[in-house]
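A quick write-up on the structure given underneath.
The values are calculated or read from the model by the stated rules, or taken from the named source; none is laboratory data. Being a predicted model, the structure only gives us computed values, none of them experimental. With ideal geometry, Cβ positions are generated from the backbone for all residues, glycine too; neighbour counts draw on all protein chains shown. Heavy atoms of the whole protein, side chains included, go into the accessibility calculation; ligands, DNA and RNA do not. Shrake-Rupley method; radii C 1.70, N 1.55, O 1.52, S 1.80 Å.
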Amino acid sequence: MLSRREILLLDSTLREGEQTPGVNYTPEQRLEIALALDEFGVEFIEVGHPAVSRDVFEGIKLVVQQGLKANLLAHSRALISDVDYVLKAGTDWIGIFFCLSNHCLTKRFGITLEQALDRISRAIEYAKDHGLKVRFTPEDTTRTEWKNLVAALNLAKELKVDRVSIADTTGSAHPLKFYMLVKNVTEFGIPVNVHCHNDLGLALANAIMGIEAGATLVDATINGLGERAGIVDLAQIATVLYYHYGIKKYKLEMLYYLSQLLTKITGIRPQQNYPIVGENAFTHKAGLHVSAVIKDPTFYEFLPAETFGRERRIYLDRFAGRDTIRFYLRKAGIENENIVEELLRRVKESREPYTWEKLIEEARRLAT
């Protein structure tokens, strides 16, 4: 078991998740997702960017009015006008972001580092003066020159920023380099978040390395939704915290429900072999596997399906073995080895997979 120090989760389904192409929540859908996440137990919910549209703003206000247990954080550019939107929406936390790489400063904004720091300073001070807790994100942190980050982190410390977020905005960071970056940032004494994109499939690995380096909060979304390839998946990071770190405060049995809820709202279904919540995550096919799982699921499952609100499934096709057939026949109260042999022959000769209903129907015919 790894260190059990306090690790928190921030769910950004309502902000990063809504940046998925084709996803736009109504205020009522935003509320439904927020209520479910609060019951699941995340410590922070990033409720959206209130300056985006009236619908987003109204949805955020609706969530704020519920008195949820989670801390509610709203997204904001380093602009006084954006901070004002957050103040009107009523969250206690604001997430202010600005890119400080030389490339961004010259090509995107056309300003100097000093001008950027001044803009950031004014936004943070304004938010602080109005009672907001501040998370500051140097956007594209992993590709920003260290000198620029040092200047920004010193400013954040001076302004008593509550958290700083390390963002692998393009999902391109190598986990070992990400570890070193986070470790260096923690030396500034500000609580550290990590926000890891999945463009190289490394989001979860980088989040874990961030934790090992001293980060105390990980951003995630339901089903890993977000810009491009998305970010850390909530089900995966919550399960890693449970299984490897002994952190058992989240309701893992809600994970499949959360996934299904977001699928219903967005129309985006996780791929079948997706970890934890995918259709096949607890489906066993090969006869050798099935025979072992029937005796003891831990042979091929690190945690039982029920932990996640799932049911174990046994798939029926030509890879089936005798124990697969027996498994289904016993459910129907049929104990007959001759029928087992005949059905095994039929299943192996079939070019299409069998449903268990079809298997039982044929078994009953053979039994008469």
To the nearest 10 Å², what's Thr26's accessible area with a 1.4 Å probe?
50 Å²
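Using a/c under 1.5 as the rounded threshold, could you call the stretch 217-318 rounded, prolate or oblate? The axes a ≥ b ≥ c are square roots of the C-alpha gyration tensor eigenvalues, and prolate needs a/b larger than b/c, oblate otherwise. Each step should come with its number before you reach the end.
On the way: a/c = 2.29, a/b = 1.44, b/c = 1.59.
Note, shape of the stretch 217-318 comes out oblate.
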Order of exposure, largest accessible area first, which applies to Trp146, Trp93, Trp356 with probe 1.4 Å:
Trp356, Trp146, Trp93
Computed P(r) (all Cα pairs; the chain; 10 Å bins; percent)
5, 22, 28, 20, 11, 8, 5, 2, 0
Cα shape, the stretch 1-91, gyration tensor, a/c 1.5 rule:
prolate
Relative contact order [Cα under 8 Å, 6+ residues apart], the stretch 210-264, whole percent:
26 percent
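For the stretch 119-162, rounded, prolate or oblate, judged on the Cα gyration tensor with a ≥ b ≥ c (square roots of eigenvalues), a/c < 1.5 rounded, else prolate if a/b > b/c?
Numbers: a/c = 2.48, a/b = 2.09, b/c = 1.19.
Cα axes put the stretch 119-162 in the prolate bin.
Taking a threshold of 19 Å on the Cα-Cα distance, which of the pairs Lys69/Lys128; Lys183/Lys249; Lys128/Lys157; Lys128/Lys160; Lys264/Lys358 fall above it? Intermediate results must be reported in sequence, preceding the final value.
Working: Lys69/Lys128 22 Å; Lys183/Lys249 26 Å; Lys128/Lys157 13 Å; Lys128/Lys160 9 Å; Lys264/Lys358 29 Å.
Pairs exceeding 19 Å: Lys69/Lys128; Lys183/Lys249; Lys264/Lys358.
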Amide H to amide H, which residues 5 or more places from Tyr274 or on other chains are under 5 Å from it, using H placed in the peptide plane?
Glu279, Asn280
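Report in % the part of the accessible area of the stretch 252-368 that belongs to carbon and sulfur, leaving out ligands and nucleic acids; probe 1.4 Å. Let's see the in-between values first.
On the way: 3430 of 6950 Å².
The nonpolar share, carbon plus sulfur, comes to 49 percent.
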A chain fully extended from Glu337 to Glu212 at 0.36 nm per residue, minus the present Cα-Cα distance, gains in nm 39.6 nm
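With every protein chain present, what is the per residue accessible area of the chain (1.4 Å probe, Å²)? Mind dumping the intermediate values first?
On the way: 17090 Å² over 368 residues.
Here the per-residue accessible area is 46 Å².
With charges set only on the Cβ (+1 for Lys and Arg, -1 for Asp and Glu), what does the dipole of the chain come to about its Cα centre, in debye to the nearest 20?
Working: 46 positive and 48 negative charges, 98 e Å.
I would put it at about 480 debye.
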